[in-house]
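Following: one structure in structure tokens, then a few remarks.
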Amino acid sequence: MDIEQKKRMREGRLYDPADDSIITQQRKCLEKLYDFNLTRPHEVEKRDAMLKDMLAECGENCYIEPPFHANFGGRHVHFGNEVYANFNLTMVDDGHIYVGDNVMFAPNVVVATAGHPILPELRERGLQYNADVHIGKNVWIGAGALIMPGVTIGDNCVIGAGSVVTKDIPQNVVAYGNPCRVVREIGKKDKEYFFKDRKIDI
């Protein structure tokens, strides 16, 4: 077992992801993920138990709609309470992904922690690095959004569909685009209207 490569991986340094000790651990995690994705729609309790076993941390009332994709089967994913993910959530969890309470992922969201160096000679050697991602509480990530390594998204944010989030997003804002930019703060109008001219009546 090459402890050095695992150590480099944990520390965010360049490392070899094809190291035997890493691959062996990764495959064990992917076996669990494979079984999770084969569960039937009525097996809600079974899915819940499997998630708690697969993820690094899993709070109460979390739900992921299969298929779920993760490089390490969710082993490096930390969920708070009441996290919901729609179809095709992809978490490139070579590094750690921290998700706060009451976060919603729309379909086809990608959260990536892994990257490869710019220098071609290093990529030829198959080297990789990881940078953890942090998503605050009460965040809604729109369909098809891409969240890049090392990004932090603040509490209460809405990230628009199709966004490519390459930099940190502060709390309490609506942000979207490629690259993702803050468009406005969440404010008074949002307390009266829930969508365009539709008033909150509940």
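Bear in mind these aren't lab numbers, they're just calculated from the coordinates by the rules spelled out. What you see is a predicted model; the values in this text were computed from it and never measured. No Cβ is skipped: glycine too gets one built from the backbone with ideal geometry, and neighbour counts run over all protein chains shown.
Beta-bridge orientation, the range 3-199: approximately 20 percent antiparallel, per DSSP, counting only bridges with both partners inside.
Report the gain in length on full extension from A18 to D48: 0.36 nm times residue separation, minus Cα-Cα distance, nm rounded to one decimal.
7.7 nm
The modelled label-to-label distance for the pair E124/D197, using points 7 Å beyond Cα in the direction of Cβ, is 6.3 nm. Give me log10 I(q)/I(0) at q = 0.09, 0.14, 0.15 Å⁻¹ for the range 25-164, Debye formula, one equal scatterer per alpha-carbon, no solvent. The calculated log intensity ratios at q = 0.09, 0.14, 0.15 Å⁻¹ are -0.26, -0.61, -0.70. Dipole magnitude for the range 87-200: computed about the Cα centre from +1 point charges on Lys and Arg Cβ and -1 point charges on Asp and Glu Cβ, it is near 580 debye. Could you pull out the pairs from K137/K188; K137/K167; K52/K137; K7/K28; K28/K137 whose alpha carbons sit more than 22 Å apart here? Those over the limit are K28/K137.
What percentages, rounded to whole numbers, describe P(r) for the range 90-202 computed over all alpha carbon pairs with 10 Å bin width beginning at zero? The distribution over the range 90-202 is 15, 41, 27, 12, 3, 2, given as percents.
Extending 7 Å from the Cα toward the beta-carbon at both I3 and V182 defines two label points whose distance is 4.5 nm.
With n ≥ 4 as the cut-off for DSSP H runs, can you work out [θ] at 222 nm for the chain, using -39500 (n - 2.57) per run divided by the number of residues, rounded to the nearest 500? Intermediate values should be presented prior to the final figure.
On the way: 4 runs with 42 residues, N = 202.
Using -39500 (n - 2.57) per qualifying helix, the result is -6000 deg cm²/dmol.
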